[in-house]
1. Taking H placed 1.01 Å from N in the peptide plane, check which residues at least 5 places from residue 88 or on another chain put their amide H under 5 Å from its amide H.
2. Can you compute 3J(HN,Hα) from phi for each residue in segment 72-77, using the Karplus curve 6.51 cos²θ - 1.76 cosθ + 1.60 with θ = phi - 60°, rounded to whole Hz and x for Gly and Pro?
3. For a quick check of your reading of the filter: which trypsin sites (Lys or Arg not before Pro) in segment 42-149 sit in a DSSP loop and have no more than 15 other Cβ atoms within 10 Å?
4. Using amide H atoms built in the peptide plane, which far-off residues or other-chain residues are under 5 Å from residue 226 H to H?
5. Residue by residue, what Karplus-based ³J(HN,Hα) values in Hz, rounded to whole numbers, does segment 233-250 have, using 6.51, -1.76 and 1.60 with θ = phi - 60° and x for Gly and Pro?
6. May I ask you to give the percent of accessible area on the chain that is carbon plus sulfur, with a probe radius of 1.4 Å?
7. On a 0 to 90° scale, report how tilted helix 2-25 is relative to the longest principal axis of the chain, with both axes built from alpha carbons and the result rounded to the nearest 10.
8. What does the convex hull of the Cα atoms come to per residue for segment 1-114, in Å³?
Amino acid sequence: MMEQKKNTLRERVRETEQRCGSQVMADRHRMEYHLMAPVGWLNDPNGLCQFRDTYHVFFQYAPFYPNDYLKCWGHYTSEDLVHFRYQGAPVLPDREFDRDGAYSGCAIGLGDRLYLFYTGNVKEEGEHDYVLSGRGANVIRMTSLDGIHFEDKRCILTNEDYPAECTCHVRDPKVYKGKDGAYHMVLGARLRGDRGAILLYRSQDLEHFIYEGMHMTEKDFGYMWECPDIFTLDGHRVLSVSPQGVASERYRYQNIYQSGYFVEGSETFTEWDMGFDFYAPQTFADAEGRQILIGWAGVPDAEYDSDPTQAGWNHSLTVPRELFYREGRICQYPVQELETLRRERLMPDEKGCVMLEQGCGDVLIHSVKEGTGSICIGTGCVLEFGQNEITLSFQDETGAGRGIRRAKSSPVQDLRILMDVSILEIYINGGEMVFTSRIFMPEKAVQIQMDLKAEDIAIYRMEGMVKE
Ligand code: FRU
């Protein structure tokens, strides 16, 4: 019976990918070097890892969008973070304990196996608010010998294994190896009384997990913390979370939900990204020891549109970003491999304008004079900086409902803009601050107009990343 459900779901995914793939590929907003779902909906990056030299990027995937938001995991692999191969949807909600969605989670290699951990979402029938009752939030584990085929689905934790303070919103396991040689799992939680927190578990064998405690901020900080991640960067322990329910301020927390990090020993929450479209990032350490972050270039429940052409797909991931610790902050910068996608250098005209014919470019501006200036991207997107303030605003329909985002920053010296058809990633001062935003031009070609003085400006056309 179960085997049958699995096969039908797998076939339905494949059939949908085949039937809708060409319409999706033809959409003018489809990007060239960002990872998207082959069809349907994408949200969080999941299971990021490098296992036996191969990079794995899984993602929350709703192939039947817009009719149905049932979540599976989609899967890309890569040898170099530039050429990606789509491997299908290896994690499907085909058992009682995950029947309403294979939600977010992680991957970790141990011995000759790759282990996946994720949340099996179950919605019980009946009268429920699905916060205090009616929801099963199981931790599920699968394993693989080759990193492609996953089997042996097991339920590792259920609601009964969570402390009594929790509502039934507990999810998004991230497992990592501690300095003590043990494995640790962190889960995001919504406590009764609406406080966000993380739960910590410990295991020796990746099968039996023992509850060790919870952690939250002293002051209230949202009602739910999603997608936690714990890692060490340059000797500093970092907790990354995506809290929901934090009140917006003029210069902070401007999106409906946030994502950011705490460095151990401090209660300061620094947002990862100040743009309109960023949420639920995850990190992993690769074989070279780089800590690499990938985020979802989208936000749940946003009041602006990310699918204006309704061509059967929605959202993308950010490019992989290497993390660097610098004076209490974490800088993010596109992994070096992306530079292999640079093609000819383009020269701005005397008015500071340059045209990206296919909508893809890498713009590097070094040593901005006086720290002030503005850049107009397309017809209505404006980045302005000066006086320790940066704003990104949309003044026409290319924002599809996006308005303005403001940030306090140190004087702007360097800027890098990755432009990819319908997404912008703007890195300020070597990645001290990042703005990620979608942009929807009527044509692929996009003009960038720079109104600033700088020592050096280098603009490259970017080639598409190969996605098989
Ligand atoms: C974050 C999130 C996760 C959950 C997943 C479901 O965007 O809500 O907490 O596991 O998305 O798709």
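The values are calculated or read from the model by the stated rules, or taken from the named source; none is laboratory data. If you're wondering where the values come from, they're calculated on a predicted model, not measured in any experiment. Neighbour counts run over all protein chains shown; Cβ positions are idealised from the backbone, glycine included. Heavy atoms of the whole protein, side chains included, go into the accessibility calculation; ligands, DNA and RNA do not. Shrake-Rupley method; radii C 1.70, N 1.55, O 1.52, S 1.80 Å.
1. 75
2. Result, ordered by residue: 10, 10, x, 8, 10, 10 Hz.
3. On the way: sites: 52, 71, 85, 95, 99, 113, 123, 135, 141; in loops: 52, 71, 95, 99.
Sparse-neighbourhood loop trypsin sites (Lys or Arg not before Pro): 52.
4. When sequence neighbours closer than 5 places are left aside, the close amide H contacts are 242, 244.
5. 10, 6, x, 9, 7, 10, 10, 9, 9, 10, x, 10, x, 8, 5, 5, 10, 4
6. Working: 8680 of 19030 Å².
Of the solvent-accessible surface of the chain, carbon and sulfur hold 46 percent.
7. 10 degrees
8. Working: hull volume 12.8 nm³, N = 114.
Hull volume normalised by residue count: 112 Å³.
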